[in-house]
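K.L.:
Submitted below is the structure of interest, expressed as structure tokens.
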Amino acid sequence: MAAVTNGHTNGINGHADQQYARFSDIPAVIDIPVRGEDGDEAVNLDLTELMDETDELCDLLEGENAARNYWVTIALAYAKHNKVNIAIDILQKGLGAVARGRSEDKLVLLSCQCWLYLWKCRNAPRVKPTQVTDDDRTKDHWLHAATTTLNEASRISPQYPPLFLARGTLYLLRASLQPSKSGSGGVDNSERMDTLKQAAKCFDDAYKSSKGKNVMAMLGKAKVQFSLGRYAESLAIYQQVLTLAPDMQDPDPRIGIGCCLWALGHKEHACAAWQRSLDINSERNIPANILLGLSYLDESSQYTTADPQFAEIYKKAMTTHTQTAFKLNGMHALACATFGSYFLLRKAWANVERLARRAIEQTDVNAVASDGWYLLARKEHYEGTDLAKAADYYSKADQARGGDEKGYLPAKFGAAQLKTLMADLDGAKFRLDKIISAPTQAAAGGQKSTEAMTLLGILHAEEVFANQAAGGKEDRSIEAKRAIGLLEQVRVAWKDPKRKVSPDSAVLLNLARLYEQEAPDRALGCLLQVEQMELDDIAEDDDRLPDDIGDEAEERRARRELLSPQLLHNIGCFHYQADKYTQAREDFQTALNSCVKMGERDDSLDTDALVTSISFNLARTYEAEGMAQEATNIYSGLLERHPDYTDARARLLYTAILDPTTQGEATENLRQLLQSEPGNLDLRALQTWHLHRTKKRTANLAEDPEQRHLKETLQKHDKHDLYSLIGMGNLHLTIAREMRRETDQDKEKRSKTYIRAIEFFDKVLSIDPRNAWAAQGMGIAMVEEKKGTQDAIQIFSKVRESLKGISASVYLNLGHVFAEMKQWSRSIENYELALGRSAKERGDGNVDPQILACLGRVWLQRGRQEKKLEAYKMSLDLSKQALKLAPENINLRFNVAFVQIQLAQLLIGLGETQKTSEEVEDAAQGLDEAIEAFGAIAKEPNAPFPRGDLEARANMGRNTMKRQVLGAVERQADFERKNKERLEEAKRRRDEEIKKREMEREKALGEMQERERKIKEERARMAEEDREARVLREDEDKRREEAEYTTDAETGEKKKREKKPREKRQKRKKKTEDDSDGEVAGGTDVEGGGKGGRSRGASTTPFTGTGSDGEAEARPRQKKKRKLERKGQAAKSSKFKSAEVVEESEDDDVPAASGTPAADDDDVVDGDGDDVEAAAAPGQRKKAARVLDDDDEGDGEMEMENGMGLQGVEVPVDWSLELPPPRHL
């Protein structure tokens, strides 16, 4: 119940009850005056029940010459009942009736007619309706009529106040039909902006003419500011309107406040404003309902469709608010557009068409019209029957919001999608590029459209994939980089919590394909992320999961079996390439189980091809793990199901060839299989590999069986077979390396062979520019033929990046090149990498002995250059390891013997301090083994060097080197014996020195402890003396107090002793005028009484200062001054002048004052230590007073306190105290 004040309600928000309802001032009944026989009469007209026929009524008004207000009131009454056309006719007839009347009457009627035209314009369709209606006149028609009427009224009175508001509204409606277009720099310089500025000026004029009371003018100005994008200024005006008219409901300023707050990003406050508007007017508040519905739709977009909150919020948006608004007015444009999007999701195309048309026709807002066109475009796009019409609708939706750089992003994206469907990929990429690089994207905080980046990235990726599938030679690296960059930006957007973009598996799968060749680890990461996404999508209570799931690992395995087998298969392939064979095996097995379960769920699926491929890769994984029997079983099973599966048969033959027991049979089977399929290049490649392993080495290229097989492949089957071309190049390289180089003819022949090898590699690179094997062969040829080590290093480095983890050959070649350049560390590093890779490549798990031999050779060369024994020992150890792996290899036996000879020569030449007896003895033993090995190698038919050379080296070792080694052993033993003695003697001396130092340290420690003991005793003694002195001082203080105080006989209290009256002293004899007055400096006589005689000429000014200040007083005359010396001491020279002087009397022979003034016997009171008068004895000659400096506080002389004389100073009698030592002045 509203509060009541003075009999009236407070109204809304506590304000006065003031209604702002439309037509609230139109009465229910009106009396029209008529002239009758009996005088003036009136015709009563009921304005609540109006007839459509108005001719009689208008004739009555015209005949009776009715005033203008009757015409206006009746017309507005018809407008109140939504009969605007009849109201306009009445005003038109009224204008005819007052045509000859006053211009003011005509002006009022024209103004009212103009407003009715504007009302019709607001409710008229934007475009010509597609459906038949009672009135199909568009907004442009009514705007033209309103403009004509307004111009006619302006000719009568341009400054008529209602015309300002009408003109502003006219411009505002006209601007709503004009599209906004961005000019240079993104600034809107379109005709719409000029129209809005004119509307703002008109509203300002209306506001000024009303002296700030026209609320409608303020509302118009606020709407103009909102249309111009000045949301803060618009908000301030709306708030001012609400303050002036809090009860206004139609229009409601709270709606405008909410729109401004929403545009400024304050969405919660905007919803609060709209909810407040709905609370005040809940009956027919269409704007508040529809805007609240849109706000809840926006909130629901923050959740996924699977989230329970999404369903709740979406239902509230569509059912509670949007449906309510639509029921209140089924022709409301924004309600129709919102409901149209709902039916679009449900694919109810008929409803979408009908509602979208209504939104386009009934709106006066460009954005709502854009939504209508977009709905029509999406409908045509989904149906796919008329893509040209869909493209046209997308274009209209974009243009309605400004088009070009501004426009409507979903419409632009839809147009790009249509271009993709029409196979116009260039046009699609052009449009998507414009969307991503549009200035509006940067203005929105740099957040580019993830949908546009996704589609553009996939289009670039498809070009790369199509080129790969076609085997084209075009370089698509730019497209690949562009695709990767765009798709990676989309992945980054997924991590931004503000954007709330859900990950898309299509993006990850395309990235995996793009990364497959260049970065397989990244490709694997993308696939693993897709796997995790699919695992997260499996519900906890999924029916496909078994009931008895064990631990977490078993549960994960069961969930993985529900995934796509293709995904698991690809993950397994990448794990295999990364040498993660255990994980690859698990992936392949899980993929097979997934295929089985997928076939059980759907019998129509044919999974045989997928199972075959996965099984083959599983067998390959078993091979890599050294599980040959398991691999053989799978291959055999595949051949039982598919006897013509050549790849499985070839792998079986390969496995059998590696086994020495089945090698002969496998060779025959391979030959037969090759005869049955002579054109199978994979089989021919296997045969090439087998011939390369088993052929007999020959220097004649024409006799080489491998060369004949490769030549046949290239001539008869495929002249562009890359494997055969690379094989021919490698074969020529090997033969050229072993050719003689003695004569120029031999060198020329060798050079031609190298050139021929380079030609083969160059042809491979022309077919496949990224072929790493051909590039590596080219690098080898450059090093061996042209000595281009730097160029070869660049080639091998690029090949290494391409063949990373695939082959050890590139590391081996790099080791060769760096060894040639004498960069031993880098050469050793690459040899070791090649050694590690060779262990993985070989089936038996052992390293390649040839790489060990190369590594030993480099260590030997390094030891020769650096003269390091450790390098020789490392070389010998590696050579022995290589020989152990291939004991029948004569070259490796020679290497061991050669390193042993070299090690013995090094130890012979090294000094005794650089070697040990054990090392020399080992070298002697190795020398014997080397001599024996050289002799045995010389007898072999395929010795690496001539027999005579080997025997000569053996004889040299047996004769010369043996004696030298034995001598080195003796010398080393003698040196070590003597060195041991020297070391023992040095150790003995060192022990004695340490013992001596320990004794001295202990002695010093004892002395120090004694000193500390004495110091401690001395400190104790001093502390005892201090304690005794303190006791004495306390006793003295107690005696002094007893001497100064006495007990009162009457009261029993202590009091200070009274002094005896001072005896009169004999006056001194008056001196002559020339004598000194005998006063102490400062003008105070010795008696201090002021009664004594004064010398003539002495100053009578009393002494008032203290200390040094008293000395500064004026004196009657300058007196002689001299330094004061201590009695009994000779004057000492000093570089400082003393400021302490005394006034000298006329008698210079008077001695200096003593340190302690003597007292007369009369001065002692009762002889018990009372105070002493500081006066000279009668008849005693006055002594000169001593003037001291402020700093002389510790002097032994009795000083003048506070700069005064001895008069009045009480000095306790304490003659026994010892004074401090004198102070030199």
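K.L.:
Check which residues have an amide H placed less than 5 Å from V43's amide H, if you skip close sequence neighbours.
P.N.:
Those qualifying (amide H under 5 Å, at least 5 residues apart or on another chain) are I32, V34.
K.L.:
If R0 is 56 Å, what FRET efficiency do you get for R1033 and E985 from their C-beta distance, rounded to 0.05?
P.N.:
0.20
K.L.:
I want the local charge near E561. Using Cβ-Cβ distances under 13 Å, sum +1 for each Lys or Arg and -1 for each Asp or Glu among the other residues.
P.N.:
Numbers: positive: R544, R556, R557, R559, R560, K597, R601; negative: E531, E534, D542, E554, E555, E586, D587, E600.
Net of charged neighbours comes to -1.
K.L.:
Given 0.36 nm per residue, what is the gain on full extension from E1012 to D536 after removing their alpha carbon distance, in nm?
P.N.:
Details: separation 476, 0.36 × 476 = 171.36 nm, distance 8.13 nm.
Stretched out fully, the E1012 to D536 stretch lengthens by 163.2 nm.
K.L.:
Are there GluC sites (Glu not before Pro) in the range 491-573 that DSSP puts in a loop and that have at most 15 other Cβ atoms within 10 Å, and which ones? Please report the intermediate quantities before stating the final value.
P.N.:
Numbers: sites: E516, E518, E531, E534, E540, E552, E554, E555, E561; in loops: E540, E561.
For GluC sites (Glu not before Pro) across the range 491-573 that sit outside H, G, I, E and B with at most 15 neighbouring Cβ atoms in 10 Å, the list reads E540.
K.L.:
Report the paramagnetic label zone for A578: residues of the range 496-530 whose backbone N is under 15 Å from a point 7 Å from Cα along the Cα-to-Cβ axis.
P.N.:
Hits in the range 496-530 for A578 at 15 Å: 512-513, 515-530.
K.L.:
With each label point set 7 Å from Cα along the Cα-Cβ vector, what nm distance links H717 and L421?
P.N.:
For H717 paired with L421, the spin-label model returns 4.9 nm.
K.L.:
To continue, here is another question. First check a/c for the range 90-141, with a ≥ b ≥ c the square roots of the eigenvalues of its C-alpha gyration tensor; if it is under 1.5, answer rounded, and if not, answer prolate when a/b is larger than b/c or oblate otherwise. List each step's numbers first, then the result.
P.N.:
Numbers: a/c = 4.63, a/b = 2.82, b/c = 1.64.
Prolate is the answer for the range 90-141, as a/c is 1.5 or above and a/b outweighs b/c.
K.L.:
Within the range 749-763, what residues put their amide N at less than 16 Å from the label point 7 Å along the Cα-to-Cβ vector of R741?
P.N.:
Within reach of a label on R741, which here means backbone N under 16 Å from a point 7 Å along Cα→Cβ, the range 749-763 contributes 749-755.
K.L.:
Separate question: Any chance you could tell me what percent of the C-alpha pair distances in the range 503-622 go past 26 Å? Walk me through the numbers before you get to the answer.
P.N.:
Details: 1410 of 7140 pairs.
That tail contains 20 percent of the Cα-Cα pairs.
K.L.:
Please work out the FRET efficiency for the pair R102 and E49, using the Cβ-Cβ distance as r and a Förster radius of 41 Å; give the result to the nearest 0.05. Before the final figure, lay out each step's value.
P.N.:
Values: r = 32 Å, r/R0 = 0.78.
Efficiency for this residue pair is about 0.80.
K.L.:
Still on this structure, I have one more. Shape call for the range 720-817 from the C-alpha gyration tensor, a ≥ b ≥ c root eigenvalues: rounded (a/c under 1.5), prolate (a/b greater than b/c) or oblate? Before the final figure, lay out the partial values.
P.N.:
Numbers: a/c = 2.16, a/b = 1.42, b/c = 1.52.
Judged from the Cα gyration tensor, the range 720-817 comes out oblate (a/c at least 1.5, b/c at or above a/b).
K.L.:
So what is the accessible area of the range 503-595 per residue, in Å², with the probe set to 1.4 Å?
P.N.:
Averaged over the residues of the range 503-595, the accessible area is 52 Å².
K.L.:
Moving on. Near G863, within a Cβ-to-Cβ distance under 14 Å, what is the net charge of the other residues, with Lys and Arg +1 and Asp and Glu -1?
P.N.:
Numbers: positive: K822, R857, R862, R864, K867, K868, K873, K915; negative: E866, E870, D877, E919.
Neighbourhood net charge equals +4.
K.L.:
Percent relative contact order of the range 121-166, based on C-alpha pairs within less than 8 angstrom and at least six residues apart?
P.N.:
On the way: 29 pairs, mean separation 13.4, N = 46.
Once divided by the residue count of the range 121-166, the mean separation gives 29 percent.
K.L.:
Continuing with the same structure: For the range 873-879, just list the computed ³J(HN,Hα) in residue order, Karplus coefficients 6.51, -1.76 and 1.60, θ = phi - 60°, integers in Hz, with x standing in for Gly and Pro.
P.N.:
Those phi angles translate into 5, 5, 4, 5, 5, 5, 5 Hz.
K.L.:
Related question: Quick one: what Rg and Dmax do you get for the range 287-420 from the alpha carbons, in Å?
P.N.:
14.8, 42
K.L.:
Would the range 176-314 count as rounded, prolate or oblate if I go by the C-alpha gyration tensor, calling it rounded below 1.5 in a/c and otherwise prolate when a/b exceeds b/c, oblate otherwise? Spell out each step's value before the answer.
P.N.:
Numbers: a/c = 2.74, a/b = 1.36, b/c = 2.02.
Taking the square roots of the gyration eigenvalues as a ≥ b ≥ c, the range 176-314 is oblate.
K.L.:
Pick out, in residue order, every one of the GluC sites (Glu not before Pro) in the range 57-131 that is DSSP loop and has at most 11 other C-beta atoms within 10 Å; say none if there are none. Provide the component values of the computation, followed by the final result.
P.N.:
Numbers: sites: E62, E64, E104; in loops: E64.
Listed in order of number, the matching sites amount to none.
K.L.:
Suppose R0 equals 35 Å; then what is the FRET efficiency for E748 and N959 from their Cβ-Cβ distance, rounded to the nearest 0.05?
P.N.:
Values: r = 43 Å, r/R0 = 1.23.
Efficiency for this residue pair is about 0.20.
K.L.:
Say the cut-off is 29 Å between C-alpha atoms; which of K749/K939; K80/K221; K120/K347; K867/K980; K139/K389 go over it? Show your work: numbers first, answer last.
P.N.:
Details: K749/K939 32 Å; K80/K221 26 Å; K120/K347 35 Å; K867/K980 26 Å; K139/K389 25 Å.
The pairs that break the limit, which is 29 Å between Cα atoms, are K749/K939; K120/K347.
K.L.:
Highest mean first, what order results for 644-656, 390-402, 239-251 on Cβ atoms within 10 Å? If you can, show how the numbers build up before the last one.
P.N.:
Numbers: 644-656: 18.5, 390-402: 22.2, 239-251: 16.8.
Top of the packing list down: 390-402, 644-656, 239-251.
K.L.:
How large is the accessible surface of D718 in square angstrom, using a 1.4 angstrom probe and rounding to the nearest 10?
P.N.:
Counting only protein heavy atoms, the figure is 50 Å².
K.L.:
Continuing with this model, one more query. May I ask you to list the trypsin sites (Lys or Arg not before Pro) in the range 665-717 that are in a DSSP loop and have at most 12 other Cβ atoms within 10 Å of their Cβ?
P.N.:
Values: sites: R671, R684, R693, K695, K696, R697, R708, K711, K716; in loops: K695, K696, R697.
Here the trypsin sites (Lys or Arg not before Pro) that fit, given the DSSP loop and packing criteria, are K696, R697.
K.L.:
What ³J(HN,Hα) values, in whole Hz, does the Karplus curve 6.51 cos²θ - 1.76 cosθ + 1.60 give for the range 495-502 when θ = phi - 60°, with x put for Gly and Pro?
P.N.:
7, 7, x, 6, 7, 6, 9, 7
K.L.:
Sequence gap at least 6, Cα distance under 8 Å: using those rules, report the relative contact order of the range 639-692 to the nearest whole percent. Please list the in-between numbers first.
P.N.:
Values: 26 pairs, mean separation 13.5, N = 54.
Reported as a whole number, the value is 25 percent.
K.L.:
Same structure again: Ignoring ligands, DNA and RNA, what percent of the 1.4 Å accessible area of the range 684-807 is carbon and sulfur? It would help to have the intermediate numbers written out before the result.
P.N.:
Values: 3400 of 7020 Å².
Here it works out to 48 percent.
The values are calculated or read from the model by the stated rules, or taken from the named source; none is laboratory data. Given the structure is predicted, the values throughout are model-derived calculations rather than measurements. Here Cβ is always computed from backbone atoms with ideal geometry, including for glycine, and neighbour counts include all displayed protein chains. The protein model used for the area step is the full one, side chains on, heavy atoms only, and it has no ligands, DNA or RNA in it. Shrake-Rupley method; radii C 1.70, N 1.55, O 1.52, S 1.80 Å.
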